[in-house]
1. Pulled fully out, how much extra length does the chain show between residue 101 and residue 202, if you take 0.36 nm times their separation in residues and subtract their Cα-Cα distance?
2. GNM on the chain, C-alpha springs below 10 Å: top fluctuator among 103, 171, 138?
3. Label-point separation (nm) for residue 27 and residue 139, each offset 7 Å from Cα along Cα-to-Cβ?
4. Quick check: Cα centre of the stretch 149-215 to Cα centre of the stretch 1-70, how many Å?
5. Applying the Karplus parametrisation 6.51 cos²θ - 1.76 cosθ + 1.60 with θ = phi - 60° to the phi angles of the stretch 179-189, what ³J(HN,Hα) value in whole Hz is obtained for each residue in order, glycine and proline being reported as x?
6. If I compute solvent accessible area with a 1.4 Å probe over the protein chains, what percent of it on the chain is carbon and sulfur?
7. So what is the diffusion coefficient of the stretch 1-94 in µm² per second by Stokes-Einstein at 25 °C and 0.890 mPa s, using a Kirkwood Rh over Cα pairs?
8. Residue separation times 0.36 nm, minus the C-alpha to C-alpha distance between residue 113 and residue 194: what's the value?
Amino acid sequence: MTKPVIDLKDVSLRLGEGASTVQVLDRVSLAVEHGHSTAIVGPSGSGKSTLLMVIAGLERVDSGSVWVAGERIDQLKEDEVAAFRGRMIGIVFQSFHLIPNMTALENVAVPLELAGHPDPFGIAREELAAVGLKDRLTHYPGELSGGEQQRVAIARALAPQPAIMIADEPTGNLDQATGRQIADLLFARACERDTTLVLVTHDPALAARCARQVSMRSGRIEEAALAPVMAGEARDVAY
């Protein structure tokens, strides 16, 4: 039987100190198979984004184990986690997180340069062309629309060919039409690359495009079920 590409077991995490301590994750267990799309849903403050950060190695757990792509990342040193994340995990944020004084091309090339890729700018050009931005290579984030900035972020996340892509409210700062285009792009690019996609969203329509929905409340997973197939969306949930 194939091992999950993401496997969290009894993960707990507290934030804050003393009387202000909050139990953000409470004995969470979650397994995600390779190539599958998973939506994490639930009310604000339920621990959804923190769970993503744990998967990415950006938050350290207090207890439990975090296995990602065959590596137990909760036992790695900070520099080892950073190197692992650069190779294996692409991240897309709601607020884009582009470097403002770098062009679209430079933003996408950054993770490739850090990884020592022999042709970071060549790959960055290809990735930007793949998301429809071949004519915007030299534009700075401030010169791009919100949808274009998120396209750059998707290109940057996928440029190192990660096994896993996580997205935190990827359409949250976009209007409905632009959000739909970004969702189409996100699912299409993940499917083309056979990349495992895990996203957090408050949008039921976006969540329903995933093969599976995981519902969280008060730091715990309430249920993990197959998502219903929406009309015209079978291509997204198939992978």
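The values are calculated or read from the model by the stated rules, or taken from the named source; none is laboratory data. From a predicted model like this one, the values you see are computed outputs, not experimental measurements. Heads up, the Cβs are rebuilt from the backbone with ideal geometry, glycines too, and the neighbour counts pull from every protein chain shown. Accessible surface is based on the protein model in full, side chains and every heavy atom, while ligands, DNA and RNA are left aside. Shrake-Rupley method; radii C 1.70, N 1.55, O 1.52, S 1.80 Å.
1. Values: separation 101, 0.36 × 101 = 36.36 nm, distance 3.10 nm.
So the extension gain works out to 33.3 nm.
2. So, out of 103, 171, 138, the one fluctuating most is 138.
3. That separation, rounded to one decimal, is 5.1 nm.
4. 19 Å
5. After applying 6.51 cos²θ - 1.76 cosθ + 1.60, I find x, 5, 5, 5, 4, 4, 5, 4, 5, 5, 5 Hz.
6. Details: 5730 of 11180 Å².
Roughly 51 percent of what the probe reaches on the chain is carbon or sulfur.
7. Working: Rh = 14.0 Å.
After rounding, the answer is 175 µm²/s.
8. Numbers: separation 81, 0.36 × 81 = 29.16 nm, distance 2.35 nm.
Working it through step by step, the gained length comes to 26.8 nm.
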